[in-house]
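Let me begin by presenting the structure, written as structure tokens, before commenting on it.
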Amino acid sequence: MKPPGVFYEDWERPVGSDNEVMSKIATAFGPESGEARTMQLLLDYRRIYGPNIPLGAAGHLDLILEDTSLATDLAESMGSAQTEARDTLHSLHAQGLLLIADDGSLWTTAPPGTPLSATDDQWTFVEKKADAPVD
């Protein structure tokens, strides 16, 4: 969908099955290494975003969720665990219904080609849901 902004310039695409990728990383760096933790996060993102992961935006969304009560509030309203709420917010992000603006804030959006998108078929930022993380 080519979302706009600086947080959508860096895309990753891990190649291979989860087991293949983790085996290569474990062999090269060790199964408990920082590289292994990072790759596990990328594979978690791949489960939600599909093969192409907006690395900067997905990571920044996690920072927002750590810095705000969004995931906690959603978990309470859904009657679910916070991890499930986090996955739900990432899923909305993957669908283009949430985007990170250039200033690092989180917005609900209307993707191009949808009924609420701008008339020039551009992304529409509808409502700010969270400011950028403090740090």
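The values are calculated or read from the model by the stated rules, or taken from the named source; none is laboratory data. None of the values given here were measured: they were computed from a predicted structure. Positions of Cβ are backbone-derived with ideal geometry, glycine not excepted, and every protein chain shown enters the neighbour counts. With ligands, DNA and RNA removed, areas are computed over all heavy atoms of the protein, side chains included. Shrake-Rupley method; radii C 1.70, N 1.55, O 1.52, S 1.80 Å.
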Discussion item. So the check is Cβ under 9 Å with 6+ separation or different chains; which pairs have a first residue in the range 83-100 that's under 17 Å from Ser69 (Cβ atoms) and a second one that's among the aromatic types (Phe, Trp, Tyr)?
Written reply: His90/Tyr45; His90/Tyr49; Leu98/Trp107
Response to the item:
By my count, helices (runs of 4 or more DSSP H) wholly in the range 1-87 with at least 1 residues that are among the β-branched types (Val, Ile, Thr), closer than 21 Å to Ile100 by Cβ and under 16 Å from the mean Cα position of the chain (by Cα) are 34-49, 55-67
Worksheet item: For Ala58, which of the numbered conditions (1) among the aliphatic types (A, V, I, L, M); (2) more than 20 Å from Pro133 (Cα to Cα); (3) free of Cβ contacts under 8 Å to residues at least 40 places away in the same chain; (4) open to solvent by less than 70 Å² (accessible area, probe 1.4 Å) fails to hold?
Response: (2)
Discussion item. Every residue in the range 1-55 that is in contact (Cβ under 8 Å) with a residue 24 or more places away in the chain and of a type in the set (Val, Ile, Thr), please.
Written reply: Val6, Ile48, Ile53
Worksheet item: Residues in the range 65-76: is at least one under 24 Å from Trp123 (Cβ atoms) and surrounded by fewer than 17 Cβ atoms within 10 Å (Cβ to Cβ)?
Response: yes
